[in-house]
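Report on the following structure.
The values are calculated or read from the model by the stated rules, or taken from the named source; none is laboratory data. If you're wondering where the values come from, they're calculated on a predicted model, not measured in any experiment. So basically every Cβ, Gly included, is an ideal-geometry build from the backbone, and we count neighbours across all protein chains shown.
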Amino acid sequence: MQTRFKPEQLADPDVHEAEQVLRKCVHCGFCTATCPTYVLLGDELDSPRGRIYLIKDMLENDRPATAEVVRHIDRCLSCLACMTTCPSGVHYQHLIDHARVHVERTYRRPWRERWKRDVLAAVLPYPKRFAAAMRLGMLARPVIARMPAGVSRLRNLLQERFDPRVRAPRSASPSAAERPSTGADRAGVRPTRRVALLEGCVESVLTPEIHAAAKRVLAAAGVDVVSVPGCCGSIVHHLGRERDNRRLAGALIDSLQREIDGEGLDAILSTASGCGTHAKDYGFLFRNDASIAARAASVAERVRDVSEYMREIGLPEPVRRLGLSVAYHSACSMQHGQKVDAQPRELLARAGFEIRTIPEGHLCCGSAGTYNLLQPEIADRLRDRKVEHIARTNADVVATGNIGCIVQLASAAGMPVVHTVELLDWALGGPAPSALSSELASRSEQ
Ligand code: SF4
Ligand code: SF4
């Protein structure tokens, strides 16, 4: 694609990078076929190619974002299916990220939107605030029930965890009584490797049992694990809040670098593929900041999804044959963002599960960070479409590697939705995933 940026515009390294991305696009339109918003809405401006034109026009002419441009940029899920499809190697991720920052700088949203986005940015990346807000939300349930769909949705997601009348709170680590002697006691295996396991933000509040399961699986494989708290910055990054993103990501990089300089790290693992995708891009994010660029690149090159790492080092021999069929849902950030797709399926198969393929698996489930809170109508349509495909598999359980997808699908899937690592942990002797009914869990263990 021809561009007409002026030399003074290209002096800005971010605009220069955007220009490089734009020049690679040859308008072929292959990406439209796999773009969820184009598939649903049929509007060229809600396709990758259409958005690329809008962004080019906005940046080239140094224009503030208009309401129309913002509407189409906001509807993009950042699922990155277009990057998987594009034959020309257009790095759409970096382009849309830059466009979101430009929108945030130049466009004043209506107050309701501003308020919603401010609240999300001020609460979600901070586990203590998030947990407190959820408890408060449960107290204020009658008020929240009258709020707009996006906010009520948040209440539903969290009710399960924080409302004791709906469900007893899950425990981050099972009691000794819950823990079978095999598997968890494999933690006695002498560690030969050392990794950092990211605690994250939303996942650590909603489903701490995922982190606990990953630690047991790693311990069983002889890996010493240090848990590192802190949000990776992905949530605010997708809201276009670059200063917040750099602050959160920078703090996490510093914590991880201390571990690298101290006892050393073979890898940095994430159990949330959205976070993993973002952390793998830290080298790019900080490329122009000499004060942190080298540390950011050193951290980024060690980041792996937990399934990617377990596939590399090898899963220990399972101690249980569970005989469940699993519909594996490949999160967009996993398959398109990190190009990790075969590994989780291979691990689950090795652990004894029968893997069922979900038709149209390349399309997003509508979760996409805060997308399901900010664009609930499109998110619901994508979720319903995904759930229909999941139902066709007739599987016992859905497994995925991202907390956002678990939350998005759990209420509608009609079957338990669990993290891949919870199933691996169970097969290795850990507790059954808490989302499984006790009847299904005990039937499977027989
Ligand atoms: S990131 Fe996803 S929603 Fe956005 S343009 Fe690409 S395919 Fe479409
Ligand atoms: S597939 Fe790639 S080159 Fe073709 S229109 Fe889409 S982004 Fe441009």
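Brief remarks on what is shown
- Verdict on Asp62 being loosely packed, with under 15 Cβ neighbours inside 10 Å and more than 29 Å from the chain's Cα centre (by Cα): yes
- Every listed requirement among (1) closer than 20 Å to Ser333 by Cα; (2) of a type outside the set (Phe, Trp, Tyr); (3) away from ligand 1 (no atom under 16 Å from the Cβ) is met by Pro13 save one, (1).
- Count - residues of the stretch 326-383 that are of a type outside the set (D, E, K, R) and on the phi > 0 side of the Ramachandran plot: 4
- Between Gly264, Gly276, the distinction of being in a helix (DSSP H, G or I) and not assigned by TED's automatic domain parsing to the domain that holds Pro125 belongs to Gly276 only.
- The helices (runs of 4 or more DSSP H) found wholly in the stretch 355-446 and carrying at least 2 residues that are within 22 Å of Arg304 (Cα to Cα) occupy 403-410, 420-427.
- Contacts under 9 angstrom Cβ, first residue in the stretch 82-96 being in the same structural domain as His237 (by TED's automatic domain parsing), partner near ligand 1 (Cβ under 10 Å from one of its atoms) and assigned to a helix (DSSP H, G or I), 6 or more apart: none
- Qualifying residue in the stretch 334-357 (condition: modelled with pLDDT under 95 and touching a strand residue (DSSP E or B) at 6+ places or on another chain (Cβ under 8 Å)): no
Residues are listed down the side, and each one gets a yes or a no for (1) crowded, with 18+ Cβ neighbours inside 10 Å; (2) over 15 Å from Leu424 (Cβ atoms):
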| site | (1), (2) |
| --- | --- |
| Glu346 | no, no |
| Gly361 | no, yes |
| Cys365 | yes, yes |
| Leu373 | yes, yes |
| Ala379 | yes, yes |
| Arg383 | yes, yes |
| Glu388 | no, yes |
| Thr393 | yes, yes |
| Val407 | yes, yes |
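- Residue match in the stretch 71-86 (condition: of a type outside the set (A, V, I, L, M, F, W, C), loosely packed, with under 15 Cβ neighbours inside 10 Å and under 30 Å from Cys275 (Cβ atoms)): yes
- Taken together, the criteria exclude Val39 from residues that are out of contact with any Gly (no Cβ under 6 Å at 6 or more places or on another chain) and away from ligand 1 (no atom under 11 Å from the Cβ).
- Which listed residue is surrounded by fewer than 18 Cβ atoms within 10 Å (Cβ to Cβ) and either touching a strand residue (DSSP E or B) at 6+ places or on another chain (Cβ under 9 Å) or at negative phi (or both), from Gly250, Gly222: Gly222
- Every listed requirement among (1) more than 9 Å from ligand 1 (Cβ to nearest atom); (2) surrounded by fewer than 21 Cβ atoms within 10 Å (Cβ to Cβ); (3) farther than 18 Å from Gly240 by Cβ is met by Val90 save one, (2).
- Candidates Val319, Val299, filtered to the one that is within 21 Å of the chain's Cα centre (by Cα) and either at pLDDT 95 or above or assigned to a loop (DSSP other than H, G, I, E, B) (or both): Val299
- Flag for Ala122 being assigned to a loop (DSSP other than H, G, I, E, B), more than 23 Å from Gln338 (Cβ to Cβ) and either at pLDDT 95 or above or not assigned by TED's automatic domain parsing to the domain that holds Asp380 (or both): no
- Helices (runs of 4 or more DSSP H) fully within the stretch 1-108 counting 1 or more residues that are more than 13 Å from ligand 2 (Cβ to nearest atom): 7-10, 13-24, 36-41, 48-60, 67-75, 92-106
- The stretch 220-261: number of residues that are within 20 Å of the chain's Cα centre (by Cα) and outside any helix (DSSP H, G or I): 10
- No other residue among Arg51, Arg23 is under 24 Å from Asn288 (Cβ atoms), charged (D, E, K, R) and either surrounded by fewer than 20 Cβ atoms within 10 Å (Cβ to Cβ) or within 25 Å of the chain's Cα centre (by Cα) (or both) apart from Arg23.
- Being more than 22 Å from the chain's Cα centre (by Cα) and either outside the structural domain of His419 (by TED's automatic domain parsing) or over 27 Å from Thr192 (Cβ atoms) (or both) is a property that does not hold for Gly283.
- Selection count where residues are closer than 19 Å to Cys76 by Cβ and among the small types (Gly, Ala, Ser), scope the stretch 234-280: 4
- Condition met for Leu95 (more than 25 Å from Gly233 (Cα to Cα), out of contact with any Phe, Trp or Tyr (no Cβ under 8 Å at 6 or more places or on another chain) and within 16 Å of ligand 1 (Cβ to nearest atom)): no
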